[in-house]
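The values are calculated or read from the model by the stated rules, or taken from the named source; none is laboratory data. Note that the structure is predicted; figures quoted are calculated from it, not measured. Ideal geometry is used to build each Cβ from the backbone, glycine not excepted, and the neighbour counts take in all protein chains shown.
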Amino acid sequence: MTRNDDIGYVRAALATDLIGLQTLEGSLDGMSAAIDAALDLIIAMEGRLIVTGLGKSGHIGTKLAATFASTGTPAYFLHPAEASHGDLGMVQPEDVILALSWSGETRELSDVIGYAKRHGVPIISLTGNGDSTLAQAATVALVLPSVREACPHNLAPTTTTLLQLALGDALAIAILQRKGFTEESFHGFHPGGSLGAQLKHVEEIMHPADSLPLVDSNASVIAAISELSAKGFGIAGIIEDGELRGVITDGDIRRYLERNAGATMRGALHDTKAGEIMTTGSVTLTRSTIAGEAQAILQDRRIQAAFVVEGERPVGLVTMLRLLNRGTA
């Protein structure tokens, strides 16, 4: 066996998975009524989405519970074996159960099904067998298409678990969109890590007003250079009556001096006003701009900093270094 063989095996497995996903996509029209009913149940529930399953389906269920919870649908994973030993007490009539089993005959789910029937808890099944005990007991049966496993022996759950994951994630995203879950909503559920950093508002991470490099438009070029050096941001805001009129960057100064290499130092640095060499129409941000959006703007415009304004008044400064230090990348 060679490394080329290894790559071939990987390609073959991925190709089989892709066929499985294409088969699922092609079956959606026939599943549309069941999908709509499942979404309606979850959105209308007053409690939580209880996700359950055993083995590989259980692992997928754990991930799906996390996806639903992180996108605004209260959810947790209930292990069916633990459910039979007391954890069923956590399930309330206002909840909805999402039960995963490819065969639909997982014995350990029987107590969960029985409890749901006794207490009127709706069941959504996610299975590959529409004639199974689970599908028949479900309020809504989501029946996945028959596919071949990526396993060359067609035994190890691979493509089938991928379909469970794909449809479960798709349901969570559909609910997110129907509820109008926004970037701001994400921030509330993801305060930590890179995602949390990207979803912070600019006002949470900007350099505050008292540290801003600002120069009056009537000040000299040398005064602008002094402010650039003192504050160390590589940019200075040029203001008139407290309002931002433009910016001067280190690059602007270099280009200005190159253009005026033949001028006297006094004329170039002391007699010329900052407002005469500033760049107008500069990029600005608002306090409510999302940090990830701010980073994308800076990268797209190939600049290292932008002022945060309120009306036309500068109230903060965001730099690429600040964004990276706060973990937005």
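A few remarks follow.
- Qualifying position, being at pLDDT 95 or above and either crowded, with 20+ Cβ neighbours inside 10 Å or over 20 Å from ILE173 (Cβ atoms) (or both), among GLY128, GLY26, GLY86: GLY128
- Just one of (1) among the hydroxyl-bearing types (Ser, Thr, Tyr); (2) farther than 30 Å from PRO208 by Cβ; (3) in contact (Cβ under 8 Å) with a residue 40 or more places away in the chain fails for THR264. It is (3).
- Selection status of ALA170, crowded, with 22+ Cβ neighbours inside 10 Å, under 30 Å from GLY89 (Cα atoms) and of a type in the set (Gly, Ala, Ser): no
- Looking only at region 206-226, residues that are of a type in the set (D, E, K, R) and either farther than 30 Å from GLU293 by Cα or in contact (Cβ under 8 Å) with a residue 24 or more places away in the chain (or both) come to 1 in all.
- When the test is whether a residue is farther than 16 Å from VAL202 by Cα and either touching a strand residue (DSSP E or B) at 6+ places or on another chain (Cβ under 8 Å) or among the β-branched types (Val, Ile, Thr) (or both), LEU244 passes it.
- A residue that is farther than 16 Å from GLY30 by Cβ, touching a strand residue (DSSP E or B) at 6+ places or on another chain (Cβ under 8 Å) and not in a helix (DSSP H, G or I) can be found somewhere in region 139-156.
- Criterion: touching a helix residue (DSSP H, G or I) at 6+ places or on another chain (Cβ under 8 Å), over 30 Å from LYS200 (Cβ atoms) and touching a residue at least 24 places away in the same chain (Cβ under 8 Å) - qualifying residue of THR289, THR272: THR272
- Where helices (runs of 4 or more DSSP H) fall wholly inside region 1-85, the ranges with 2 or more residues that are under 25 Å from the mean Cα position of the chain (by Cα) are 3-44, 55-70.
- Residue satisfying condition, being closer than 15 Å to VAL96 by Cβ and hydrophobic (A, V, I, L, M, F, W, C), within set ALA141, ALA170: ALA141
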